[in-house]
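Since the structure comes first, as structure tokens, the remarks are kept for the end.
The values are calculated or read from the model by the stated rules, or taken from the named source; none is laboratory data. Predicted model only: the values in this text are computed from it and were never measured. So basically every Cβ, Gly included, is an ideal-geometry build from the backbone, and we count neighbours across all protein chains shown.
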Amino acid sequence: MKISKILKDNRVTVSFEVFPPKQWDKLETTKQTVRELCKYSPDFMSVTYGAAGTTSGFTTEIANEVKDCGITPLSHLTCLTSSRDKIHQVVSELDANGIENILALRGDVPQGFEFTDRQYFSNAYQLVNEIKSINPNICVGGACYPEVHPESKNRVEDIAHLKEKVDCGVEFLTTQMFFDNEKFFNFYEMCQIKGINVPIIAGIMPITNANQVKRSIELSNSSVPAKFFRIMERFGDDPDKMKQAGIIYATDQIIDLMANGFNNIHIYTMNKPDVAMAIMNGLSSIINE
């Protein structure tokens, strides 16, 4: 099913993200993780493409596992380090496997990478155009940053780039992780003002280990509220307490989002079915309205 259709009636939706393994001998373990996550009936499940495409070879196989479990897969696709031929190959492979949803991303800049005049894909909107030229029926989503993309000069420039991406055919957006819902509310209002009217899915990362925070901030350009810093100071040295506190904090974020009318939630599970289970249990009555 196309994700645009899943999001169409504004009902409550909760989706998960899973990432492929880096080695073949871990593939079955990841498939088992997918099967465990699917038990909690997410509305769809996204499968990452890996930093700089490093795990791209596993994406289709994991997406097929999601589909075989009866869940709609969303395959990530990055373009920065790819040729047109590579993009055509991957899109054709996904299409041949009945995978009709792609999250179009530029991708992280690899260490030592330099942009040149010969760079075919420099921005995500170019990938969106390419996917649509290959198969206009594919449902294409995009990413967005509630607290401004790290490479944008300011919010105005960031929103302009986002609008450009949507105008190329993006049918929904998923945010990078954020820890302060007010940042998301302000971002959403700005998108509405600028005519970005596609569904925006709120991306929530349960921080279950204090060491995750630095890396999470680097990836998402997100700020950490004083409330969450106090949680880390109190519980960060105790893994069990930090895990429980992180799950509760993420669950509270989701409840607050839904209370304010934002019904589409994407959970960055970090391949941890027990974390997904705890959050879904905490939302059980709320999401089964």
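A few notes on this one:
- Selection status of P42, farther than 18 Å from G98 by Cα, part of a loop (DSSP other than H, G, I, E, B) and modelled with pLDDT under 95: no
- Candidates S15, S82, S75, S46 - the one that is crowded, with 22+ Cβ neighbours inside 10 Å and over 23 Å from I201 (Cβ atoms): S82
- For Q253, the stated conditions do not hold, so it cannot be described as farther than 19 Å from T33 by Cβ, at pLDDT 95 or above and surrounded by fewer than 16 Cβ atoms within 10 Å (Cβ to Cβ).
- For the condition surrounded by fewer than 20 Cβ atoms within 10 Å (Cβ to Cβ), out of contact with any Gly (no Cβ under 7 Å at 6 or more places or on another chain) and not in a helix (DSSP H, G or I), S92 does not qualify.
- Within region 162-183, considering residues that are of a type in the set (A, V, I, L, M, F, W, C) and out of contact with any strand residue (DSSP E or B) (no Cβ under 6 Å at 6 or more places or on another chain), the one surrounded by the fewest Cβ atoms within 10 Å (Cβ to Cβ): C168
- Scan of region 2-11 for residues that are of a type outside the set (S, T, N, Q) and either modelled with pLDDT under 95 or crowded, with 22+ Cβ neighbours inside 10 Å (or both), ordered by number: I3, L7, K8, D9, R11
- Positions within region 256-289 being on the phi > 0 side of the Ramachandran plot and either touching a residue at least 60 places away in the same chain (Cβ under 8 Å) or buried (at least 16 other Cβ atoms within 10 Å of the Cβ) (or both), in sequence order: M270, N271
- Restricting region 12-38 to residues that are within 18 Å of the chain's Cα centre (by Cα) and aromatic (F, W, Y), the residue that is modelled with the highest pLDDT is F16.
- Unmet requirement for I134, which otherwise passes all of (1) at pLDDT below 95; (2) among the β-branched types (V, I, T); (3) over 20 Å from the mean Cα position of the chain (by Cα): (1)
- Residue check, K194 under 30 Å from N137 (Cβ atoms) and touching a residue at least 24 places away in the same chain (Cβ under 8 Å): yes
- Residues located in region 80-102, provided they are touching a residue at least 40 places away in the same chain (Cβ under 8 Å) and farther than 20 Å from C139 by Cβ: L80, R84
- Residues of region 108-119 classified as at pLDDT 70 or above and in contact with a helix residue (DSSP H, G or I) (Cβ under 6 Å, 6 or more places away or on another chain), total: 1
- The listed residue being small (G, A, S), out of contact with any His (no Cβ under 9 Å at 6 or more places or on another chain) and farther than 18 Å from P21 by Cα, out of S92, S75: S92
- Search result, residues across region 149-159 that are in a loop (DSSP other than H, G, I, E, B) and over 16 Å from the mean Cα position of the chain (by Cα): P150, E151, S152, K153, N154
- Contacts under 7 angstrom Cβ, first residue in region 150-167 being touching a residue at least 24 places away in the same chain (Cβ under 8 Å), partner loosely packed, with under 13 Cβ neighbours inside 10 Å, 6 or more apart: K163/G195
- In region 30-41, the residues that are exposed (fewer than 13 other Cβ atoms within 10 Å of the Cβ) and in contact with a Pro (Cβ under 7 Å, 6 or more places away or on another chain): none
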